[in-house]
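The values are calculated or read from the model by the stated rules, or taken from the named source; none is laboratory data. Since the model is a prediction, treat every value here as computed from it, not as a measurement. FYI the Cβ positions are ideal-geometry reconstructions off the backbone, even for glycines, and counts take in every protein chain you see.
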Amino acid sequence: MNDRRANTNNSAPQTEKSPGSSRIVWRRLRRDRLAMISLYIIVILFLISCLAPVVANNKPLWMRWNDRDYFPAVVDLFPLKHIVKYRSLQSMDFSELRDDASVRRVMPPVPYSPFETNLREKLSHPSRRHWMGTDDLGRDVCSRMFHGTGVSLKVGFVAVGIALLIGLLFGSLAGYYGGAVDIVISRFIEIVMCFPFFFLILSVIAFLPPSIYNIMIVIGITRWTSIARYARGEFLKVKKQDYTQAARALGVSDRKIIFRHILPNSIAPVLVTATFGIANAILIEAALSFLGMGIQPPYASWGGILALAREFIDVAWWLATFPGLAIFVTVTAYNLTGEGFRDATDPRLSLPEK
């Protein structure tokens with residue numbers, strides 16, 4: 001009898017554990033080649049923005065000076081500037097050290113600071129010395145492009161983060177409570193959408209001092225309406241599901257229903273919308289910098305380099321080509337990634353799962 005039971009148990013079919021929703025989304029996304037290539041481009045841009053001080057800088061990665069080892073460029077990545085042995089380097093001109101053969105050193109791939117000027121090499125064509133040429137002050141365009149990458153990505157993510165918080169707040173309240181709350185919030189969203197976004201941003205920026213933080217805040221508080229509308233629609237759909245109705249029948253508070261049941265199951269389409277918003281925020285920041293109302297000199301930004309190209313478009317084609325190409329590739333990558341996530345999170349697609 002025991003042997004028969006053992007054989008019966010062994011012959012029973014083994015049920016495989018079904019993959020989670022996040023794994024299914026990732027499998028679907030991996031089948032979209034354009035989305036994956038775009039995702040890799042975004043990762044590379046993030047690495048460039050994080051490692052800009054050690055990729056493009058006039059400070060050595062390593063140097064041997066006064067019988068001691070120093071890592072000036074690496075120190076910029078970490079809060080180590082107040083170490084005692086680095087205080088003697090604060091007044092050093094690293095641009096002169098670059099051509100000093102008596103000092104042992106390892107320079108970054110682009111051995112120029114984004115703020116370093118050299119009027120003898122102004123408006124130099126792209127070459128082995130300056131990969132993307134120089135601007136009207138002799139600053140290396142490649143170094144400024146690398147450092148401007150962080151500005152564009154930071155503006156895009158922080159601005160969309162602010163818009164996401166505001167949009168989720170208004171959208172969840174309108175979708176969950178409905179009735180008069182939904183009517184008031186929906187009418188407010190429609191009123192805000194009646195204003196041309198770019199001119200509204202220009203109007204607000206005109207009364208504020210030029211700052212990257214002001215740009216982030218203004219873009220965030222003016223670009224939340226589409227996120228709110230998507231969140232409202234998802235909340236209206238999810239709150240009618242059986243598990244939400246069961247939680248309400250058991251007396252679960254509205255706060256727990258919203259944050260534990262509805263929000264986790266409705267956040268994916270909203271995040272896809274936010275992905276497209278990052279591309280729009282990058283374009284808005286570049287346009288503001290192009291108009292002289294964004295990131296102010298000497299700080300580097302892609303839009304600022306484009307603005308400079310207006311004056312020298314006939315003699316310095318590289319000032320418009322490289323930042324324009326960077327903006328085009330970044331915005332396209334975010335849009336293709338957003339489309340890939342949108343298709344991967346759509347349950348109506350019957351893609352075979354392996």
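Among (1) out of contact with any Ser or Thr (no Cβ under 9 Å at 6 or more places or on another chain); (2) in a helix (DSSP H, G or I), where does Ile262 come up short? Exception for Ile262: condition (1). Beta carbons closer than 8 Å, at least 6 apart along the sequence or on distinct chains, pair a first residue in the range 205-232 that is closer than 15 Å to Ile282 by Cα and surrounded by fewer than 21 Cβ atoms within 10 Å (Cβ to Cβ) with a second that is basic (Lys, Arg) and at pLDDT 85 or above for Ile212/Lys154. Checking each residue in the range 134-163 for being in contact (Cβ under 8 Å) with a residue 60 or more places away in the chain and in contact with a Leu (Cβ under 8 Å, 6 or more places away or on another chain) picks out Asp135, Asp136, Val141, Thr149, Leu153.
Please find, among Ile295, Ile327, Ile257, the residue that is in contact with a Lys or Arg (Cβ under 7 Å, 6 or more places away or on another chain) and surrounded by 16 or more Cβ atoms within 10 Å (Cβ to Cβ).
On the way: Ile295 fails: in contact with a Lys or Arg (Cβ under 7 Å, 6 or more places away or on another chain); Ile327 fails: in contact with a Lys or Arg (Cβ under 7 Å, 6 or more places away or on another chain).
It is Ile257.
Of the listed requirements (1) surrounded by 21 or more Cβ atoms within 10 Å (Cβ to Cβ); (2) of a type outside the set (S, T, N, Q); (3) not assigned by TED's automatic domain parsing to the domain that holds Thr244, Pro126 misses just one: (1). Does Arg120 satisfy the criteria of being free of Cβ contacts under 8 Å to residues at least 24 places away in the same chain and not in a loop (DSSP other than H, G, I, E, B)? Yes; evaluated as a whole, the condition is true for this residue.
Considering the conditions (1) exposed (fewer than 12 other Cβ atoms within 10 Å of the Cβ); (2) of a type in the set (D, E, K, R); (3) modelled with pLDDT of 85 or more, Arg139 is excluded by exactly one of them, (1). Residue pairs whose Cβ atoms lie under 6 Å apart, separated by 6 or more positions or on different chains, with the first residue in the range 190-203 and in contact (Cβ under 8 Å) with a residue 24 or more places away in the chain and the second in a helix (DSSP H, G or I) and among the aliphatic types (A, V, I, L, M), are Ile201/Val218.
Among the helices (runs of 4 or more DSSP H) confined to the range 169-249, there are none with at least 3 residues that are acidic (Asp, Glu) and either at pLDDT 85 or above or touching a strand residue (DSSP E or B) at 6+ places or on another chain (Cβ under 8 Å) (or both).
Taking Ala268 as the residue in question, decide whether it is small (Gly, Ala, Ser), in a helix (DSSP H, G or I), modelled with pLDDT under 85 and surrounded by fewer than 21 Cβ atoms within 10 Å (Cβ to Cβ).
Details: small (Gly, Ala, Ser): yes; in a helix (DSSP H, G or I): yes; modelled with pLDDT under 85: yes; surrounded by fewer than 21 Cβ atoms within 10 Å (Cβ to Cβ): yes.
Judged against the criteria, Ala268 is a match.
Of all residues in the range 305-325, exactly one satisfies the criterion of being in contact with a Gly (Cβ under 7 Å, 6 or more places away or on another chain) and more than 12 Å from Val141 (Cβ to Cβ), namely Ala307. Among residues of the range 252-266 being under 27 Å from the mean Cα position of the chain (by Cα) and touching a residue at least 60 places away in the same chain (Cβ under 8 Å), the one that is nearest to Val238 (Cα to Cα) is Ile262.
In this structure, does Arg144 turn out to be part of a strand (DSSP E or B) and either surrounded by 20 or more Cβ atoms within 10 Å (Cβ to Cβ) or at pLDDT below 90 (or both)? No: the conditions fail for Arg144.
Total residues in the range 295-348 satisfying the condition of being more than 20 Å from Pro126 (Cα to Cα) and not in a helix (DSSP H, G or I): the figure is 9.
Find the residue count for the range 307-341, including only residues that are polar (S, T, N, Q) and without any contact (Cβ under 8 Å) to a residue 12 or more places away in the chain.
1
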